[in-house]
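The values are calculated or read from the model by the stated rules, or taken from the named source; none is laboratory data. Worth saying up front: this structure is predicted, and the values here are computed from it rather than measured. Here Cβ is always computed from backbone atoms with ideal geometry, including for glycine, and neighbour counts include all displayed protein chains.
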Amino acid sequence: MTTDNPPTSPGSVDDWFESRLHWRALMDALLHVRVPLEAKTFFFGGMTLFLFGVQVVTGTLLALYYKPTPEAAYDSVLFITSDVSFGWLIRSVHHWSANLMILFLVFHLLRVFFQAAYKYPRELTWVVGIGLLGLTMMFGFTGYLLPWDQRAYWATVVGTEIAGGIPFIGDALLVLLRGGADVTEATLSRFFGIHVLVLPLALGAVVAIHLVFVHQQGLANPTKPDPRPPAVPQGRTKPFFPHYILEEVIAWLFLLAMLVVLSSLFPAGLEEEANPLETPAHVKPEWYFLGVYELLKHIPWKVVGILTPMVFIVLLAVLPFIDRNPEVRPRKRPLAIALGILTIAVLIGLTIWGYYS
Amino acid sequence: MSLETKRRLRHLRLACLAVPAILALLMLAGSASAQDPSPEPSLIPGPPAPSPIAHPPGGDVDQCFECHVSLDDKQQAISETWQESIHGAGGIGCADCHGGDPGSDQITVAMSEANGFIGIPSRQSTVDVCGSCHSDTERMRSYGLPTDQYDDYWTSVHGQRLLEANDTRVAICIDCHGSHAVKKASDPTADVYPLNVPAMCSRCHSDPTLMEPYGIPTDQYDTYAQSVHGEAMITNQDVRAPSCTSCHGSHSAKPPRSSEVVNVCGKCHTATEELYLESRHSELETAAPKCWTCHGTHDVQQPSEALFFHEEPPDYECTTCHQPPDMTLVLDVEQFDDEADRRCDTCHHPESLIYSQVEAISGALGGATGAQAQAQGKIDEAKSLGMIVHDAEVALTESKTGYIQGQAAVHTTKLTDVTVHTDEATAKAAEAEAMAQAKLDESLFRRTAMIIVIAVILINVVVLYVIMRRMSHPWEEEAEEPPTA
């Protein structure tokens, strides 16, 4: 691209880019937006994004040594953890970052719910966000198998069996997930492929869409509904860059410190190598699936047990289209807040029950 | 302890030390003083196997069953039990044991003596009724069943008592296999299924009324249930574990004699038997300490280093091991009934050479277990810190394997055979401990590095916070007015 107006004071990097890319207009559009002073994001969304970045970096490093075959997977993970320089750190950070990513994603979801930020004009942002939740859970499910130890193997056996209980498509889905009737080499290789190729690309793309939506709409003001039609934020605002970004980076640094502490004090472990002939006494999924696991144990009809969380996710996705109350302040939307608190209490209760059962 | 007692004890010790020397001389002189104390009494021969009960052939319908199943509840239950039994399934009908004509629906015909009806066989003749078919090779061939049970039974203590005294209280075929409810031994619901055998034998052998006339104790089942064998079979339901019949036999049931014990235990403990046969103990032949001398009989426990010595040295009595008047070496089972007496120093005096050998063997094993405990402690500590200690655990497992081999080698009574394994076990345990220690060191490094990294991150946070505070905050002075676009 050429320009009719070459820079008048050549020499600065900014000018160098400007003369070639019309850099300033792009940066203005991306960074120079205003944030309502009342907006309280607690940086949860940004922290989740940061953790995704950590996962990409540590996951790439792990992939340099990991071997996705039943014969070599366990030994390669053992090698990474025991012999590769700082391999334990990379693996532990990947492990903890995965858990924190789901945790902060849920916090982000709850923040948006309680601030009613899913309402007009952000309905699509919410739906895309629920898609991100699903993709992140799939990341957890596929990544869990890769160490190929007893816990990984049997959690996958149980997890895929749950998927196999879905009416009509269950049997086909089970075979599709496992690459056959049982959890075998075929399962490991497809889980690896999905985990390191399909999901990162999908998540990257959907995150980009999510961010474009957020950028276009700006941050929600939790004290009053957005005007119709949309307008420039009313009331006092502060610049997204550098003020908001600086606060966000400080939050990221605290998160990084948390990752370092967790990884150093509670490094990722490894059980005995997977043995399809020896079922451990207590097979449990990861904490974020424990609620569903406990629900399945207590609902006598398997189909109902499996459909309940699926229906819940669908209802969650279409929440902006169900909840037509324009109010955003919690005391003006008591039913939504009560239902939200009840759902959280049930999920936490089931998770704790699942942990101790 | 009084001076007199001390003097007597000293004399006893001297006597005990003198006895092995006298024994050696006697053995050199070809004396047969070390013999099985009670020679086997000759067996009363059992009767020849009788012919199967002859009866008219039945038709397509077994009329015995047809009538009896519709009689009273008792007859109905008997009929249905038979129908579900292995005999019922195999077409072995009522008349094959009771005689009579199974083809007739007339009671006067079907149950007439003319048609060979014998009714309920007496307990004496029941063995013959069963044996008549089960010793018939032609009949048993198609079922792949052995035909020696009948002859075996007469050699058992049960059969001999029946022959000798016509004592019908002894166990006969139906007491173990049932009469109408006979099942395959491989059927888990059968009384004779391996896991059910101890409970089955105890039905009689734990009954004080039944056992009192024979002077047989009734605590074997309870003792066995608490043994390492009983725990494996009853608690862990491990069919490989030995039950009563594994040592006593089934149809030929009889307590193994002292001279047979090594072979009986050696059926399963083959490697240990081979090691024992290399030992000085084994060379003493019939009078030698056997498996039960150290491990007991029904109350076998997991062996441990506690088997070497008493906690307090015992009061030595020559007659513990030697019988007057000629001080023959005799070790009776009753002498070792108390588990606390099954120790090397029960026989081997602290001033004997053998005692010091036992001390060396015990020390070698103790050294290995001590090293293993230390390694295990480090491994547990490293694991509690989240460290992966796979290599150390493998080394410790190898050490434990060496220790078990050392434990088995104790049966040779030779120090060098034991130390070749315990030295390796100790070295492997030290290796495991070093590996676990390396993990502990690494954990310490991680924690130290963590503090440094956290400090660096916090410095960054402080710097960014300062920059943030120094930046202008124009909105704080702004009025509540919409900003210009």
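Confirm whether A:LEU219 is under 30 Å from A:ALA73 (Cα atoms) and surrounded by 14 or more Cβ atoms within 10 Å (Cβ to Cβ).
Details: under 30 Å from A:ALA73 (Cα atoms): no; surrounded by 14 or more Cβ atoms within 10 Å (Cβ to Cβ): yes.
Spelling it out, it is not the case that A:LEU219 is under 30 Å from A:ALA73 (Cα atoms) and surrounded by 14 or more Cβ atoms within 10 Å (Cβ to Cβ).
Starting from residues that are within 10 Å of chain B (Cβ to nearest Cβ), touching a residue at least 12 places away in the same chain (Cβ under 8 Å) and among the aliphatic types (A, V, I, L, M), keep the ones in the range A:263-280 and report whichever is farthest from A:SER92 (Cα to Cα).
Only one residue fits best here, namely A:LEU270.
Criterion first (in a helix (DSSP H, G or I), within 22 Å of B:HIS251 (Cα to Cα) and either not charged (D, E, K, R) or not assigned by TED's automatic domain parsing to the domain that holds B:ARG240 (or both)) does B:ARG139 satisfy it? Explain how you work it out, then say what you get.
Details: in a helix (DSSP H, G or I): yes; within 22 Å of B:HIS251 (Cα to Cα): yes; either not charged (D, E, K, R) or not assigned by TED's automatic domain parsing to the domain that holds B:ARG240 (or both): yes.
So B:ARG139 fits the description; yes.
Name the one entry in B:LEU464, B:LEU458 that is surrounded by fewer than 15 Cβ atoms within 10 Å (Cβ to Cβ), modelled with pLDDT of 95 or more and at the interface with chain A (Cβ under 8 Å from one of its Cβ atoms).
B:LEU458
Taking only the range B:306-338 into account, find how many residues are part of a helix (DSSP H, G or I) and surrounded by 14 or more Cβ atoms within 10 Å (Cβ to Cβ).
7
Is at least one residue of the range B:394-411 more than 23 Å from the chain's Cα centre (by Cα), more than 20 Å from B:PRO303 (Cα to Cα), within 14 Å of chain A (Cβ to nearest Cβ) and part of a loop (DSSP other than H, G, I, E, B)?
no
Take the range A:62-110 and flag every residue that is of a type outside the set (A, V, I, L, M), surrounded by 19 or more Cβ atoms within 10 Å (Cβ to Cβ) and closer than 30 Å to A:ALA39 by Cβ.
Selection gives A:TRP96, A:SER97, A:PHE104, A:HIS108.
If a residue has to be within 14 Å of chain B (Cβ to nearest Cβ) and in a loop (DSSP other than H, G, I, E, B) to count, how many in the range A:188-239 make the cut?
So the count comes out to 12.
So that you can scan it fast, the table gives a plain yes or no per residue for (1) within 16 Å of the chain's Cα centre (by Cα); (2) not in a loop (DSSP other than H, G, I, E, B):
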| residue | (1), (2) |
| --- | --- |
| B:THR209 | no, yes |
| B:THR223 | yes, yes |
| B:HIS229 | yes, yes |
| B:ALA232 | yes, yes |
| B:ASP238 | yes, no |
| B:ALA241 | yes, no |
| B:CYS247 | yes, yes |
| B:GLU260 | no, yes |
| B:VAL264 | yes, yes |
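Please enumerate the residues belonging to the range B:137-182 that are more than 27 Å from B:SER79 (Cα to Cα), more than 28 Å from the chain's Cα centre (by Cα) and among the aliphatic types (A, V, I, L, M).
Selection gives B:LEU162, B:LEU163, B:ALA165.
Look through the range B:408-428, keep the residues that are farther than 14 Å from B:THR272 by Cβ and either among the acidic types (Asp, Glu) or free of Cβ contacts under 8 Å to residues at least 40 places away in the same chain (or both), and return whichever of them is surrounded by the fewest Cβ atoms within 10 Å (Cβ to Cβ).
Within the range B:408-428, the first condition is being farther than 14 Å from B:THR272 by Cβ, and the residues that meet it are B:414-416, B:419-420, B:422-428.
Then keep just the ones that are either among the acidic types (Asp, Glu) or free of Cβ contacts under 8 Å to residues at least 40 places away in the same chain (or both); that gives B:416, B:420, B:423-424, B:427-428.
Values: B:THR416: 10, B:VAL420: 15, B:ASP423: 15, B:GLU424: 18, B:ALA427: 16, B:LYS428: 24.
The residue in question is B:THR416.
Exactly one of these conditions fails for B:GLY296: (1) surrounded by fewer than 16 Cβ atoms within 10 Å (Cβ to Cβ); (2) assigned by TED's automatic domain parsing to the domain that holds B:ASP332; (3) of a type in the set (Gly, Ala, Ser); (4) on the phi > 0 side of the Ramachandran plot. Give me its number.
Unmet condition: (1).
If B:ASN460 meets every condition in (1) touching a Gly at 6+ places or on another chain (Cβ under 8 Å); (2) part of a helix (DSSP H, G or I) apart from one, which number is that one?
Just one mismatch for B:ASN460, condition (1).
I'd like to know if the range A:50-59 contains one or more residues that are modelled with pLDDT under 95, at negative phi and within 14 Å of chain B (Cβ to nearest Cβ).
Scanning the range A:50-59 turns up no residue that is modelled with pLDDT under 95, at negative phi and within 14 Å of chain B (Cβ to nearest Cβ).
Given (1) part of a helix (DSSP H, G or I); (2) farther than 30 Å from B:GLY90 by Cα; (3) not polar (S, T, N, Q), where does B:PRO256 come up short, assuming only one miss?
Here B:PRO256 meets the rest and fails (1).
Which of (1) in contact with an Asp or Glu (Cβ under 9 Å, 6 or more places away or on another chain); (2) in a helix (DSSP H, G or I); (3) closer than 30 Å to A:VAL183 by Cα is the odd one out, the single condition A:GLU271 does not satisfy?
That leaves (2) as the condition not met.
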